[in-house]
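Before any comments, here is the structure.
The values are calculated or read from the model by the stated rules, or taken from the named source; none is laboratory data. Everything numeric here is computed off the predicted structure, so don't read it as measured data. Heads up, the Cβs are rebuilt from the backbone with ideal geometry, glycines too, and the neighbour counts pull from every protein chain shown. Each accessible area value is taken on the protein alone, full model and side chains, heavy atoms only, with ligands, DNA and RNA left out. Shrake-Rupley method; radii C 1.70, N 1.55, O 1.52, S 1.80 Å.
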Amino acid sequence: MTDAPHSFEPLAGAGHSPVILHVPHSAREIPDDVRAGIVLGDEELERELDHITDAHTAEIAEAAAGLAGVTPWRFVNRLSRLVVDPERFPDEREEMRAVGMGAVYTRTTHGGVLRPEGVDPEPLLEGYFLPYARAMTQAVAGRLAATGRAVIIDVHSYPSRSLPYELHGEGPRPAVCLGTDSLHTPPGLLDAAREAFGETRLDSPFSGTYVPLEFYGKRPEVSALMVEIRRDTYMTEPGGSAGAGLERLAGALADLVDAVSR
């Protein structure tokens, strides 16, 4: 398994921008060799992709980048999270392993079998997870070198109704959930997000945010925020087309980018 050139895409922004819009879960593509290891039939797989994909988030990030006064950098996963989930811990630190959804998923959103019991995750981790992690680490290091700081804004979406895999799905489901980290999410970043998006709530139904492991817990000049957008605010669920809400959300994201680029 090799590093496919299309598996992720770093997109350059302004040289003086500290911001990286990270879009890890927007794609549906699964390479043929990886598809062969998934036990779902084609129709079942399409339904699972409808539920698990953060549909149209790449378009939201792209539109926001075009609207922002200072163009942010972007890092976009071009493969489905059913290949690997680049935001999971690759080891026992990952709580989602309890429901078969660690870095390499073995279960579906509804608890069904996605990959056979006892499957070896190492080929997928070596072929996809680690190259992605290295490239994202380089992207953050580039912003640190150029600007002295990096601001990772993680662009996600989530369903209006909880799915069985959610470990904390019983909490509030606001229009925008802001996932935070005690070290990497400073108050100014949160304030800017609240101002940009309006109705928000912290860490419900999803918490935390993504920082490459080389910097995680060590470098406070790498700040990060997860923006989880409730899907019914901009699209037809579970896997339908986008509506007018997409433009509004792109404008709000652009406002956030500009606020933290100063």
Filter the stretch 225-261 down to residues that are assigned to a loop (DSSP other than H, G, I, E, B) and not aliphatic (A, V, I, L, M) and give me whichever is surrounded by the most Cβ atoms within 10 Å (Cβ to Cβ).
TYR234
Output yes when any residue across the stretch 19-34 is assigned to a helix (DSSP H, G or I) and under 22 Å from GLY239 (Cβ atoms), and no when none is.
yes
For SER162, state whether it is touching a Gly at 6+ places or on another chain (Cβ under 8 Å), of a type in the set (S, T, N, Q), open to solvent by 50 Å² or more (accessible area, probe 1.4 Å) and closer than 30 Å to ARG47 by Cα.
yes
If you go through HIS156, HIS168, the only one that is surrounded by 14 or more Cβ atoms within 10 Å (Cβ to Cβ) and either under 19 Å from the mean Cα position of the chain (by Cα) or modelled with pLDDT under 95 (or both) is HIS156
Scanning the stretch 203-224 residue by residue, the ones that are open to solvent by less than 40 Å² (accessible area, probe 1.4 Å) and within 13 Å of the chain's Cα centre (by Cα) total 6
Positions within the stretch 182-191 being within 20 Å of SER157 (Cβ to Cβ) and open to solvent by 20 Å² or more (accessible area, probe 1.4 Å), in sequence order
LEU190
Kindly provide the set of residues from the stretch 92-121 that are buried (at least 17 other Cβ atoms within 10 Å of the Cβ) and of a type in the set (A, V, I, L, M), ordered by number.
MET96, VAL99, MET101, ALA103, VAL104, LEU114
Checked the stretch 29-44 for anything among the charged types (D, E, K, R) and surrounded by 14 or more Cβ atoms within 10 Å (Cβ to Cβ); matches are GLU29, ARG35, GLU44
Conditions: (1) outside any helix (DSSP H, G or I); (2) over 20 Å from SER26 (Cα atoms). PHE89 meets all but one. Number of the miss?
(2)
If the requirement is being at pLDDT 95 or above and either within 18 Å of ARG231 (Cβ to Cβ) or open to solvent by less than 50 Å² (accessible area, probe 1.4 Å) (or both), which of these qualifies: ALA4, ALA12, ALA61?
ALA61
Being at positive phi, crowded, with 18+ Cβ neighbours inside 10 Å and under 14 Å from the mean Cα position of the chain (by Cα) is the requirement here; does HIS25 meet it?
no
